[in-house]
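Okay, structure first, notes after.
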2 protein chains.
Amino acid sequence: MRVLWLYAHPDPRSLNGALRDEGIAVLREHGHEVVESDLYAMEWNPVVGHGDFQHDPGERLDVLTESQAALENGTLSEDIRAEQEKLLWSDTLVVQFPLWWFGPPAILKGWFDRLFIQGFAQGVLDPETGRAQRYGSGGLAGRRALVLTTVGANAATTGPRGIHGDINEVLFPLLHGTLWYPGMTVVPPLVVNGAVKLAEAEYKTAVGQLRQRLLTLEETEPIPYRSQNGGDYDEHLVLRPDRAPGEEGIHIHYAAGGIDERCERTGGDDEADR
Amino acid sequence: MRVLWLYAHPDPRSLNGALRDEGIAVLREHGHEVVESDLYAMEWNPVVGHGDFQHDPGERLDVLTESQAALENGTLSEDIRAEQEKLLWSDTLVVQFPLWWFGPPAILKGWFDRLFIQGFAQGVLDPETGRAQRYGSGGLAGRRALVLTTVGANAATTGPRGIHGDINEVLFPLLHGTLWYPGMTVVPPLVVNGAVKLAEAEYKTAVGQLRQRLLTLEETEPIPYRSQNGGDYDEHLVLRPDRAPGEEGIHIHYAAGGIDERCERTGGDDEADR
């Protein structure tokens, strides 16, 4: 595999830093190539702005239009281009972060905001139909993605009936809306619960699971999200009435498989959050 | 009302800028006080780091511990303190943003990451039970929140069976996990669809809806999320078996009410995204 390891934690001496080191080491031991984007170490700028597109701040900024023009003209800012090139070089993306307020830290959200522009990860048209490709096909099709996140809350509270909401559905904007949207194959996330005070034995379990997940990544069954072109959606991109009939909500976008199978949970029983 | 209007768009000459101006104007016309946090204009730093807590970068950063210590010692960075004070002054928070990759822009995510620290918006203990308060009670209880977001996709595709996932559930990490968590009363979001090319008539409709929502905000029925202390969850914070029996997923955290009633949609039929 050619892996881009995208990592967003402020301190390398953290649980996240240790898991990152273990993960990259095991990949390299097994002959995989790994390139890293350590967003804090790079002092990554997460804020979309005029400077991304060499755009005149005196003019009104239409992000969609300007980003696509800059992509086509080669005038995207250097930091965005460098990251896009790393992503295009890779066949596998690992996205690692501590879950903050039930989503990625701002520095990571802004990696997607700034890279995933019109013509690159959205608005990529099918040459025959002229229709925008997404959800299974699109600008990043053919690549795999694994999300690795640490969560302060325990496994029960982020479970199928836990108070914080099922972590698989809480992560839907990232897994489905950001990674699956441009066509990446998304495997179930690895969630390390109880991350505030992980006991040594729990840490070892988490490392073991991470190693195993990385070494079986190429064969891992993806999350069975429905494809835009798979026949499940009608011409308005609404789920056909005979699929999940009568049901509503984001869970209907799974073609099959129960919630229990979608995510492996590990870690301790600490009730703290963040 | 004392309203904090939190706004995250890179250009004031945008649809978002126009809606913001209309919204603030109508509030002031009706005698409400409005303070604004225009994150782009403020050049808000969204990245949690050592500097937030006057923390030695040579030492390992434990965000949870350091943030709470800085809060208690009055050593939080000045920009965070100023925003927290605006929030504490207000009784109502309006959160306005263009939906980027199915979540808030990084600059806005980082407002929550940096402000909503341990002891302020999480880890606020009940003095009698010693238990952390959240979901209906907590550090920001007694305040209301309205989310106003513009979405490129049309209303059907972000609807209950639309390909992007029901927008109410896509916004769960913000509405439930960020605003309801520290105890704010969250009303249904106002979602302006088709935002890439909104026709003049659709814009007028959106402005009309925004004015109406703002002027009825104090009486608006909140989203019926379940409370931590309301008896629906067991001692492990898992939903009791007789609530939404046999069901799983984030929709079970609504005490009542259908998906159709949870969100008002407006705007055009454009299929573009972002």
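Out of curiosity, is residue B:121 within 25 Å of residue B:168 (Cβ to Cβ) and within 13 Å of chain A (Cβ to nearest Cβ)? For residue B:121, the condition - within 25 Å of residue B:168 (Cβ to Cβ) and within 13 Å of chain A (Cβ to nearest Cβ) - is met. Among the residues making up the stretch A:2-29, those that are surrounded by 19 or more Cβ atoms within 10 Å (Cβ to Cβ) and outside any helix (DSSP H, G or I) are A:3, A:4, A:5, A:6, A:7, A:8, A:9, A:10. Within the stretch A:48-69, residues that are more than 20 Å from residue B:41 (Cα to Cα) have Cβ atoms under 6 Å from residues that are modelled with pLDDT of 90 or more and surrounded by fewer than 18 Cβ atoms within 10 Å (Cβ to Cβ) in these pairs: A:68/A:119, counting only partners at least 6 apart in sequence or on another chain.
If you go through the stretch A:83-100 and keep only what is surrounded by fewer than 23 Cβ atoms within 10 Å (Cβ to Cβ) and part of a loop (DSSP other than H, G, I, E, B), you end up with A:90, A:91. Any residue in the stretch B:172-181 that is more than 27 Å from residue B:17 (Cβ to Cβ), within 21 Å of the chain's Cα centre (by Cα) and more than 10 Å from every other protein chain (Cβ to nearest Cβ)? For the stretch B:172-181, residues more than 27 Å from residue B:17 (Cβ to Cβ), within 21 Å of the chain's Cα centre (by Cα) and more than 10 Å from every other protein chain (Cβ to nearest Cβ): present. When the stretch B:138-155 is examined, which residues are found to be assigned to a strand (DSSP E or B) and of a type outside the set (Lys, Arg)? Passing the criteria: B:145, B:146, B:147, B:148, B:149, B:150. The single condition from (1) buried (at least 20 other Cβ atoms within 10 Å of the Cβ); (2) without any contact (Cβ under 8 Å) to a residue 60 or more places away in the chain; (3) under 25 Å from residue B:2 (Cα atoms) that residue B:233 fails is (3). For the stretch B:223-246, the tally of residues that are more than 23 Å from residue B:185 (Cα to Cα) and either at the interface with chain A (Cβ under 8 Å from one of its Cβ atoms) or of a type in the set (A, V, I, L, M) (or both) stands at 1. Summed over the stretch A:77-122, the residues that are in contact (Cβ under 8 Å) with a residue 40 or more places away in the chain and over 23 Å from residue B:103 (Cα atoms) give a count of 5.
The values are calculated or read from the model by the stated rules, or taken from the named source; none is laboratory data. Model, not experiment: these values are computed from the prediction. For neighbour counting, all protein chains shown are included, and Cβ atoms are generated from backbone atoms with ideal geometry for every residue, glycine included.
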